[in-house]
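The values are calculated or read from the model by the stated rules, or taken from the named source; none is laboratory data. Everything numeric here is computed off the predicted structure, so don't read it as measured data. Here Cβ is always computed from backbone atoms with ideal geometry, including for glycine, and neighbour counts include all displayed protein chains.
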């Protein structure tokens with residue numbers, strides 16, 4: 001079974017077969033090993049036959065990583081022509097599943113259960129999805145967010161209890177004055193900037209607009225310098241997510257735009273206006289989705305024409321290029337927020353697909369996670385005067401019901417969207433961290 005699953009091409013991570021666990025000591029030793037081996041993301045168990053489950057109590061209580069109970073059996077069908085009591089006694093998967101399941105429920109293990117024939121496409125997909133959740137659950141305890149500046153003044157939903165977030169989710173959130181970053185950015189050499197600019201030339205279209213080429217390139221090179229500096233700062237501190245704030249730009253020539261988009265494309269979590277919760281969720285979901293079609297988003301404008309209802313999603317610049325359906329172009333354009341030089345950014349249209357939109361808010365007594373299923377679609381109308389990337393989606397179950405439910409539940413305007421993940425995957429993670437959820441679908 002393990003060999004077939006590993007060779008199927010459907011598993012995102014390898015499965016390692018351990019010895020048959022038939023004693024309490026064996027089970028306990030396996031779970032201890034799992035806990036202390038960083039490369040192990042979780043445990044998959046299946047009951048080949050009946051197993052008195054009290055022997056699982058000690059080891060299961062010790063387990064600190066995600067657990068998947070695969071309710072399956074080796075044979076797809078009952079061999080009616082040859083079945084006898086010997087076969088029955090040695091193939092009691094249905095019997096064992098219920099005994100084992102009771103202990104997990106009694107221990108409130110919050111484990112995932114997948115039911116069905118192990119070699120079927122649907123079961124392999126569910127196992128693979130759980131593996132991605134398990135990897136992100138472990139990554140959650142390694143998420144470190146660097147806050148460059150504070151939260152946007154007078155905004156409520158971006159606030160949150162950082163101590164509780166570290167206790168509940170494992171996130172480390174550190175503040176840095178913008179001057180700390182400026183020092184690193186200013187130390188970047190012209191040669192480094194020129195080399196990165198040439199990389200831009202190979203990857204993106206250059207849209208000079210009304211700017212002279214030399215002036216346009218100078219503005220883009222400011223972002224190149226920022227990209228190198230921010231990346232260097234994050235790498236040296238071991239950070240994998242960060243925030244910026246257009247109100248905290250002392251010493252910066254531009255609000256980072258293209259620089260942030262490039263870092264998001266490489267898997268860094270991000271959110272604007274100091275919103276560290278969304279930056280951490282962004283990093284978490286990027287790990288879960290293998291950094292595909294997943295990124296920070298903000299609600300902007302409604303389309304309210306009957307039968308065409310949708311929401312235009314964007315940000316002042318920082319839209320994630322993993323969502324791009326076309327080749328991004330670099331645009332330089334004025335930006336009133338931040339009161340700095342005209343910043344460069346990547347402009348593109350968003351992809352189509354089924355997805356989930358996730359937002360986290362601190363309600364004072366607890367955190368709450370909102371999940372809305374959406375259908376993203378490619379824009380059909382050009383927007384020649386809009387100098388930012390754009391993503392469009394329809395909310396489920398319908399525009400009026402979905403938007404009403406989101407607002408009523410306290411959903412924020414900062415979100416993370418993924419066209420690769422499912423509601424079930426987000427709920428599986430939330431269950432592991434004892435997080436209240438609201439699902440709108």
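If you go through the stretch 254-267 one residue at a time, do you hit one that is in contact (Cβ under 8 Å) with a residue 60 or more places away in the chain, over 26 Å from residue 215 (Cβ atoms) and surrounded by fewer than 24 Cβ atoms within 10 Å (Cβ to Cβ)? No, the stretch 254-267 contains no residue that is in contact (Cβ under 8 Å) with a residue 60 or more places away in the chain, over 26 Å from residue 215 (Cβ atoms) and surrounded by fewer than 24 Cβ atoms within 10 Å (Cβ to Cβ). Somewhere in the stretch 165-177, is a residue at positive phi and at pLDDT below 95? No, that holds for no residue.
One line per residue, one yes/no per condition, for (1) within 15 Å of the chain's Cα centre (by Cα); (2) under 23 Å from residue 248 (Cβ atoms); (3) free of Cβ contacts under 8 Å to residues at least 40 places away in the same chain:
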site: 335; (1), (2), (3): no, yes, no
site: 338; (1), (2), (3): no, yes, no
site: 356; (1), (2), (3): yes, no, no
site: 368; (1), (2), (3): no, no, no
site: 383; (1), (2), (3): no, no, yes
site: 392; (1), (2), (3): no, no, no
site: 407; (1), (2), (3): no, no, yes
site: 429; (1), (2), (3): yes, no, no
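For residue 34, indicate whether it is in a loop (DSSP other than H, G, I, E, B), in the same structural domain as residue 127 (by TED's automatic domain parsing) and modelled with pLDDT of 95 or more. For residue 34, the condition - in a loop (DSSP other than H, G, I, E, B), in the same structural domain as residue 127 (by TED's automatic domain parsing) and modelled with pLDDT of 95 or more - is not met.
The set of residues in the stretch 21-37 being without any contact (Cβ under 8 Å) to a residue 12 or more places away in the chain and surrounded by fewer than 14 Cβ atoms within 10 Å (Cβ to Cβ) consists of 25, 33, 36, 37.
Look at (1) touching a helix residue (DSSP H, G or I) at 6+ places or on another chain (Cβ under 9 Å); (2) not in a helix (DSSP H, G or I) and you find that residue 27 fails only one, number (2).
Here residue 335 meets each of (1) surrounded by 19 or more Cβ atoms within 10 Å (Cβ to Cβ); (2) modelled with pLDDT of 95 or more with one exception, condition (2). Among the numbered conditions (1) surrounded by 14 or more Cβ atoms within 10 Å (Cβ to Cβ); (2) under 28 Å from the mean Cα position of the chain (by Cα), the only one that residue 73 does not meet is (2). Within the stretch 298-321, the set of residues being touching a helix residue (DSSP H, G or I) at 6+ places or on another chain (Cβ under 6 Å) and either in a helix (DSSP H, G or I) or surrounded by fewer than 20 Cβ atoms within 10 Å (Cβ to Cβ) (or both) comprises 309, 321. Taking residue 428 as meeting all but one of (1) crowded, with 22+ Cβ neighbours inside 10 Å; (2) under 17 Å from residue 322 (Cα atoms), write down the number of the exception. So residue 428 meets the others, but not (2). Among strands (runs of 3 or more DSSP E) entirely within the stretch 338-441, having at least 3 residues that are closer than 30 Å to residue 225 by Cβ and assigned by TED's automatic domain parsing to the domain that holds residue 274 singles out 344-347, 414-418.
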